[in-house]
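Chemist: Pasting a structure below so you can have a look.
The numbers here are math on the coordinates, done by the rules we state, and not lab data. Every value quoted in this text rests on a predicted model; they were computed, and no experiment measured them. Quick reminder, even Gly has a Cβ in these numbers, built from the backbone with ideal geometry, and neighbours come from all protein chains shown.
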Amino acid sequence: MLTGKQKRYLRSLAHHLQPVMQIGKSGITGGVLQQVDIELETRELVKLSVLETSPQDRDEIAEAIVEETGAEWVQSLGRTVVLYRKSTEHPEIELPR
């Protein structure tokens, strides 16, 4: 569970990131979950874009991804979701206490 201070720090890092994936009309599929899992392990902090054609809304998608990948939900803004999960192999982001 992330503290408010940690979420604020992660939001500041995510501000300059471009979305690494777009979730469209197919919604959440096994392939999407697998790719998000890979991105989280590689980058730790990912930004996802939810297209208007998606059958689920942004919050439903974020909850499903968090549940399946074990990530932390950092922020939702507009059609964008920011997620964080510490890398098991190569942790790079040092969270404040």
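Chemist: Where the second residue is part of a strand (DSSP E or B) and of a type in the set (Gly, Ala, Ser) and the first is over 10 Å from Lys47 (Cα atoms) and in contact (Cβ under 8 Å) with a residue 24 or more places away in the chain and lies in the range 72-97, which pairs have Cβ atoms under 7 Å and are six or more apart or on separate chains?
Modeler: Arg79/Ser49
Chemist: Can I ask one more? Name every residue in the range 77-91 that is among the hydroxyl-bearing types (Ser, Thr, Tyr), surrounded by fewer than 17 Cβ atoms within 10 Å (Cβ to Cβ) and within 21 Å of Lys5 (Cβ to Cβ), in order of residue number.
Modeler: Once the filter is applied, which keeps residues that are among the hydroxyl-bearing types (Ser, Thr, Tyr), surrounded by fewer than 17 Cβ atoms within 10 Å (Cβ to Cβ) and within 21 Å of Lys5 (Cβ to Cβ), the range 77-91 yields only Ser87.
Chemist: Do you know which of the residues in the range 27-58 that are among the hydroxyl-bearing types (Ser, Thr, Tyr) and touching a residue at least 12 places away in the same chain (Cβ under 8 Å) is surrounded by the fewest Cβ atoms within 10 Å (Cβ to Cβ)?
Modeler: If we take residues in the range 27-58 being among the hydroxyl-bearing types (Ser, Thr, Tyr) and touching a residue at least 12 places away in the same chain (Cβ under 8 Å), then Thr53 is surrounded by the fewest Cβ atoms within 10 Å (Cβ to Cβ).
Chemist: Would you confirm whether any residue within the range 6-26 is touching a helix residue (DSSP H, G or I) at 6+ places or on another chain (Cβ under 6 Å), in contact (Cβ under 8 Å) with a residue 40 or more places away in the chain and part of a helix (DSSP H, G or I)?
Modeler: Among the residues of the range 6-26, not one is touching a helix residue (DSSP H, G or I) at 6+ places or on another chain (Cβ under 6 Å), in contact (Cβ under 8 Å) with a residue 40 or more places away in the chain and part of a helix (DSSP H, G or I), which makes the answer no.
Chemist: Looking at (1) outside any helix (DSSP H, G or I); (2) touching a helix residue (DSSP H, G or I) at 6+ places or on another chain (Cβ under 8 Å), which is the only condition Val36 fails?
Modeler: If we test Val36 against (1) outside any helix (DSSP H, G or I); (2) touching a helix residue (DSSP H, G or I) at 6+ places or on another chain (Cβ under 8 Å), just (1) comes out false.
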